[in-house]
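Before any comments, here is the structure.
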Amino acid sequence: MQPLVIAIDGPSGSGKSSTSRLVAERLGLAYLDTGSMYRAIALGCLDAGLLEGPDLDGIITFTRDACLDVGTDPASPSITIDGVDVTTDIRRPEVSACVSTVAVVPQVRAILTGQMRRIVEQTGRIVLEGRDTTTVVTPDAQVRVLLVANQDARMARRNAELDGISHADLTDQVVRRDRDDATVSQFETPAPGVVCVDSTEMTLDEVADAVIALVPADLR
Ligand code: DC
């Protein structure tokens, strides 16, 4: 089988994760949630007390020394850090609230980008999703998509996912986090060669169809 890399980028709530998992399942590909790696590092740094300040040298050293093991089955993605399964804990609101603190550190991005590229190389046929995947992590991917949706749709999707979340927390997760992340990565306008898919008025199935339609037939 020839290698096939599909990279999907986009702001919070644009449907990156659901779309990527569905595309991976339909095409029998591995799935890499790159955000889970930033979340695992943020959780570790939070527990180690490195985010007050923040202690940038401490965060960089922690990232360099941490052993991440990412499970790439789209039906049950998982992640461990130093042998501890944090698949559930990385979704805690306090991790969502602080993950930008580590994600904006260029050295952290460089270390995790190297690890992502190794996973892509090892698996060969994969959908990876997250900031910078289309432009920095795998700019040579055969399919590169920027998934967008208007802010109302993105807030509504996050609201449905995080049942019972307050309006303030929701705004923090969607609007504030994207604004912070936008200082180091560009994910609102497509880079040259990246196809923009606007999912505002589309169902999940329709978005997955649109992505699969971009895959050259001989690579499916
Ligand atoms: O997609 P997510 O919400 O799980 O991402 C968590 C955080 O990590 C978010 O602040 C964006 C950041 N991130 C990043 O900077 N680069 C990536 N490739 C993936 C996520």
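The range 73-132: percent of C-alpha pairs farther apart than 17 Å?
Result for the distance tail: 54 percent.
Ignoring ligands, DNA and RNA, what percent of the accessible area of the chain is carbon or sulfur (1.4 Å)? Reported share for carbon and sulfur atoms: 51 percent. On full extension, the segment bounded by GLN122 and GLU206 gains 27.3 nm, given 0.36 nm per residue less the C-alpha separation. Spin-label model, ALA160 to ASP73: label points 7 Å out along the Cα-to-beta-carbon direction sit 2.7 nm apart. Per residue, the accessible area of the chain comes to 46 Å² when a 1.4 Å probe rolls over the protein heavy atoms.
Considering the chain at the alpha-carbon level, its Rg and Dmax are found to be 16.5, 51 Å.
Tally the DSSP beta bridges in the chain and give the antiparallel ones as a percent, rounded to 5. Present the calculation step by step, with values, prior to reporting the outcome.
Working: 6 of 23 bridges.
Here the antiparallel bridges make up roughly 25 percent for the chain.
Note on VAL104 and THR189: their simple-model spin labels are 2.2 nm apart, each label 7 Å out from Cα toward Cβ.
Pulled fully out, how much extra length does the chain show between GLN142 and HIS167, if you take 0.36 nm times their separation in residues and subtract their Cα-Cα distance? Between GLN142 and HIS167, full extension yields an extra 5.1 nm.
The values are calculated or read from the model by the stated rules, or taken from the named source; none is laboratory data. Owing to the predicted nature of the structure, the values given are computational and were not obtained by experimental measurement. Glycine also receives a Cβ, built like all others from the backbone with ideal geometry; neighbour counts cover every protein chain displayed. Remember, those area values only see protein heavy atoms, side chains included, never the ligands or the DNA or RNA. Shrake-Rupley method; radii C 1.70, N 1.55, O 1.52, S 1.80 Å.
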